[in-house]
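What follows is a single structure, written as structure tokens, with notes after it.
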Amino acid sequence: MRENRGFISRKVSNGLVLLLTILSVSLLTGCMEDDFTSNSGKQITFSTDTVSFDTLFTNQTSVTAIVKIYNRNKESLRIASMRLAGGSESPFKINVNGQSNRLQQFSGVEVLGKDSIYLFVQVTPPATGENVPVLLEDSVIVMTNGVEKHLILRAVGQDVVILDQETVRGTKTLTADRPYLILGELTVGEGGRLTIDPGARLYFHYNAGMTVRGRLDAQGTEEHPIRMMGDRLDNVFDGVPYDSLSQQWRGITFITSEPQQLSYVRMTSGTTGLDMDSSATEIKVSHCIIHNFSRYGISATNSKVIIDNTQITNGGINAVRLTGGDWEMDRCIIANYNRNRSGVAMRVSNRPGGKSEEKTPLKKGRVENSIIAGNRNGELVIDKAEDSEWDMRLVRCWINGMESSDTELFSDCVWGNPQAELFVNTERYPYDFSIKEDSPAKDIIHP
């Protein structure tokens, strides 16, 4: 009997615990329900009043913008409705705390007291048929306790011509009317000719590039330069665009025996800007800017190159690498202020390097009226194999490095140091390699 009474007692005890638990949950739920306020003075706030996207190519989806919706009140709030003003036809799309729907409408969204939720926004600009950028606008309308609030959404859409694995076999001209989005490889085939008009804009997708086996004629003007860069037009974070990061695209590779011409071309943020290998016919590069490449701005092996009045700056290895060949540089800025680089501003050699014993004769190498500079000592490296052809001279140049008495190699050169302030801004984005008015090298390029 005592055992039975103990069993009954335990059953009663367990029942009471269960009953008390149910009552507690009920009371808690009631308190939570009562904690939601309908006071019109109690409202949500946005972390920003406007979501703005950078210029986007049409039919390309943006990165996701994140907005926090705060409830700064002690009481909880229930958002009666949240919707896109443009509805399901809007180029914008919203997602609330990981939830989305086709109608772009949400109701009964709860925000606890002193808490917040996330609103995610994307935009895919539709094709417009216009050459000029088109402004896109919409808004997120939020109704809480009878009060309506608006979050403004803005983006700029730009129609673009897509070149996907394009090969030019005859003649083709890229105009300045609309930008070009290069997917994969843009190839100028043997016998083909690609002309790029002044003001044309070429945006290359990640790992995309151009290979020239025929002829490239890219001649911009001072007022309307040709632009080549990666296709990420948004920011890594506020104030710092993706164009400030190298390796956004590959660059241009020349494997050709035809003459080439590039003038007033601005190339930024790829792997190797101009890569030339055994190009026996003259490649002319003038009034160009080749900046921020993860390997080399210009790399030429056994090639005939004339480079005039051109800026080649910030390479992950060298800004300029010249191996053998026949080349001339005049009035150029060759500078490397990349803090993470493994090389120097300029490297000249008559052997390819590595384990190979092969020599690459330097038939003629001339650098005149140019600046070779950087944030380290010894920004010019010369690697000369004595048993191979070598003809090189540097005349009237500023060189960051130790002074040399080799008058056969150097003539009227000025030997500087990394502390010399030559340019407007070499420290951080946006870099500006314009020569300062009080620069000690100001008379080198323009005597």
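Each value in this text was obtained by applying a stated rule to the coordinates, not by laboratory testing. This one's a predicted model, so the numbers in the text were calculated from it and none came from an experiment. Please note: Cβ atoms are built from the backbone with ideal geometry, for glycine as well, and neighbour counts cover all protein chains shown.
Can you work out ³J(HN,Hα) from phi for every residue in the stretch 287-300, in order, using Karplus 6.51 cos²θ - 1.76 cosθ + 1.60 and θ = phi - 60°, giving whole Hz and x for Gly and Pro?
These are the phi-based 3J(HN,Hα) values: 6, 10, 10, 10, 9, 6, 10, 6, 10, 9, x, 10, 10, 10 Hz.
Below 30 Å, Cα to Cα, which lysines can LYS149 reach? Residues fewer than 8 away in the same chain don't count.
LYS42, LYS68, LYS74, LYS93, LYS114
Which log10 I(q)/I(0) values, to two decimals, does the chain give at q = 0.06, 0.08, 0.13 Å⁻¹ under the Debye formula with one point per Cα?
-0.42, -0.62, -1.10
Computed FRET efficiency, Cβ-Cβ of LYS172 and ILE255, R0 25 Å: what is it to the nearest 0.05?
Details: r = 18 Å, r/R0 = 0.74.
Working from the Cβ atoms, E equals 0.85.
I'd like the antiparallel share, as a percent to the nearest 5, of DSSP beta bridges with both residues in the stretch 251-388. Intermediate results must be reported in sequence, preceding the final value.
Numbers: 0 of 54 bridges.
Percent antiparallel among DSSP bridges in the stretch 251-388 is about 0.
Net charge near GLY191, counting Lys/Arg +1 and Asp/Glu -1 over other residues with Cβ under 10 Å of its Cβ? Intermediate values should be presented prior to the final figure.
Numbers: positive: ARG169, ARG193, ARG213, ARG215; negative: GLU190, GLU258.
Around GLY191, the charge tally is +2.
Roughly what % antiparallel, to the nearest 5, for the DSSP beta bridges in the chain? Intermediate values should be presented prior to the final figure.
Numbers: 41 of 148 bridges.
Bridges in the chain are about 30 percent antiparallel.
Any idea what the dipole of the chain comes to, in debye rounded to 20, about its Cα centre with Lys/Arg Cβ at +1 and Asp/Glu Cβ at -1?
Working: 47 positive and 55 negative charges, 403 e Å.
The dipole of the chain has a size of about 1940 debye.
Which order do the peptides 318-325, 388-395, 258-265 take when ranked by the mean count of other beta-carbon atoms within 10 Å per residue, highest first?
Result, highest mean Cβ count within 10 Å first: 318-325, 258-265, 388-395.
Answer with one residue from ILE94, ILE382, GLN419: the one whose Cα lies farthest towards the positive end of the charge dipole of the chain, charges on Cβ with Lys, Arg +1 and Asp, Glu -1.
Of the listed residues, the answer is ILE94.
Tell me which residues come under 5 Å, amide H to amide H, from ASN145 once H is placed; ignore anything under 5 positions away on its chain.
Sorted by chain and number, the residues that satisfy this are ALA80.
Can you tell me the 0 to 90 degree angle between the C-alpha axis of helix 2-35 and the longest principal axis of the chain, rounded to 10?
The angle comes out at about 60 degrees.
Roughly how many Å is it from the Cα centre of the stretch 373-396 to that of the stretch 280-354, as a whole number?
12 Å
Could you give me the ³J(HN,Hα) list for the stretch 191-197, computed from phi with Karplus coefficients 6.51, -1.76, 1.60 and θ = phi - 60°, whole Hz, x at Gly and Pro?
For the stretch 191-197, the Karplus-derived couplings read x, x, 9, 10, 10, 10, 6 Hz, x marking Gly and Pro.
So, R0 is 51 Å and r is the distance between the beta-carbons of ASP49 and MET402; what FRET efficiency does that work out to, to 0.05? It would help to have the intermediate numbers written out before the result.
Details: r = 58 Å, r/R0 = 1.13.
Computed FRET efficiency for ASP49 and MET402: 0.30.
Please order ASP138, ASP438, ASP308 by the number of other Cβ within 10 Å, starting at the fewest. Present the calculation step by step, with values, prior to reporting the outcome.
Numbers: ASP138 23, ASP438 8, ASP308 17.
By the 10 Å Cβ count, ascending, the order reads ASP438, ASP308, ASP138.
Can you list which of the GluC sites (Glu not before Pro) found in the stretch 118-175 are DSSP loop residues with at most 14 other C-beta atoms within 10 Å? Write down the numbers at each step before the final one.
Numbers: sites: GLU130, GLU137, GLU148, GLU166; in loops: GLU130, GLU166.
Passing both the DSSP loop test and the Cβ count: GLU130.
What does the helix-only formula give at 222 nm for the chain: each DSSP H stretch with n ≥ 4 adding -39500 (n - 2.57), the total divided by the residues, and the result rounded to the nearest 500 deg cm²/dmol? Walk me through the numbers on the way to the answer.
Numbers: 2 runs with 38 residues, N = 447.
Helix contribution divided over all residues of the chain: -3000 deg cm²/dmol.
Full extension from THR128 to ASP443: what is 0.36 nm times the residue separation minus their Cα-Cα distance, to one decimal in nm?
Working: separation 315, 0.36 × 315 = 113.40 nm, distance 4.98 nm.
Full extension from THR128 to ASP443 adds 108.4 nm.
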